[in-house]
């Protein structure tokens with residue numbers, strides 16, 4: 001095992017688990033003093049006056065302020081046509097296969113690698129017969145400004161597109177495959193900082209042709225969010241600046 005593999009294994013070995021009445025949770029004991037279901041209950045956070053903002057479809061994402069802690073609570077919801085049938089339910093095929101546990105563990109690996117992504121705090125699944133629902137609690141990033149939001153307001157300088165490309169390159173260098181990289185999952189921080197969000201269904205895999213598919217998905221997303229905007233917001237020049245930075249050694 002190389003140094004990176006050893007570091008990831010050590011990180012995974014430090015995870016803590018806690019059984020709940022109808023499921024289980026994983027958590028980082030350095031960030032959570034007392035594991036409990038209330039960590040994932042939006043109403044419990046409301047009673048404490050800790051809900052600062054709701055976002056996402058049907059308030060699936062909550063930005064929380066609890067003293068010095070700045071957290072984001074996400075409830076997993078399905079997309080597409082199947083959402084009208086199953087809503088927020090997923091088929092249960094084992095705790096380790098739940099969306100929340102898999103993403104929580106991936107985020108832990110990304111932290112070991114020093115990649116700019118949210119830090120995992122806790123994850124939970126709740127079973128109901130053959131189905132489960134899931135939630136994820138992470139530390140909030142230093143910024144909430146997504147690439148999609150930034151483009152609504154102004155054209156970005158060439159170096160900002162280079163920053164985005166370099167960020168993607170850093171993840172691909174470690175074989176981190178983002179399952180849905182789009183303009184809403186890229187966050188622009190202060191200075192030259194860029195972060196990636198939402199690693200649901202993401203994984204670490206050998207490098208290969210999937211990298212081009214990730215970039216193709218991003219290109220389609222950028223075309224979509226800028227379709228009705230002024231032409232200086234996104235075009236071939238901006239895309240090539242991103243690609244050059246993403247592909248350079």
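Every read-out reported here was derived from the displayed coordinates using simple, explicitly stated rules and does not represent laboratory data. The model shown is predicted, which means the values in this text are computed figures rather than measured ones. A quick note on method: Cβ atoms are made from the backbone with ideal geometry, for glycine too, and the neighbour counts reach across all protein chains shown.
Some observations on this one:
- Residue-span extension gain [residue 21 to residue 232] - 0.36 nm each, minus C-alpha spacing: 70.6 nm
- Simple spin-label estimate for residue 34 and residue 93 in nanometres, 7 Å along Cα-Cβ: 3.8 nm
- Treating each Cα of the range 3-139 as an identical point scatterer and summing with the Debye formula, the log10 of I(q)/I(0) at q = 0.12, 0.16, 0.21 Å⁻¹ comes to -0.49, -0.87, -1.37.
- 238, 159 arranged by Cβ crowding within 10 Å, fewest neighbours leading: 159, 238
- Crossing angle, helix 236-247 versus the chain [Cα axis fit, 0-90 degrees, rounded to tens]: 60 degrees
- Gaussian network model of the chain, springs between alpha carbon atoms under 10 Å - residue of 99, 233, 47 with greatest fluctuation: 47
- Convex hull volume per residue in cubic angstrom - Cα atoms of the chain: 151 Å³
- Packing-based exposure ordering (other Cβ within 10 Å, fewest first) of 219, 224: 224, 219
- Rounded Å value of the spacing that divides the Cα centres of the range 95-118 and the range 149-206: 17 Å
- Of the peptides 101-113, 138-150, the ranking by mean beta-carbon count within 10 Å, highest at the top, reads 101-113, 138-150.
- When the alpha carbon gyration tensor of the range 147-247 is reduced to an equivalent ellipsoid, the three semi-axes, largest first, read 22, 14, 13 Å.
- The gain in end-to-end length when the residue 243 to residue 223 segment is fully stretched comes to 5.7 nm, 0.36 nm per residue minus the alpha carbon separation.
- Likely footprinting exposure, 74, 203, 192, fewest C-beta neighbours within 10 Å first: 192, 203, 74
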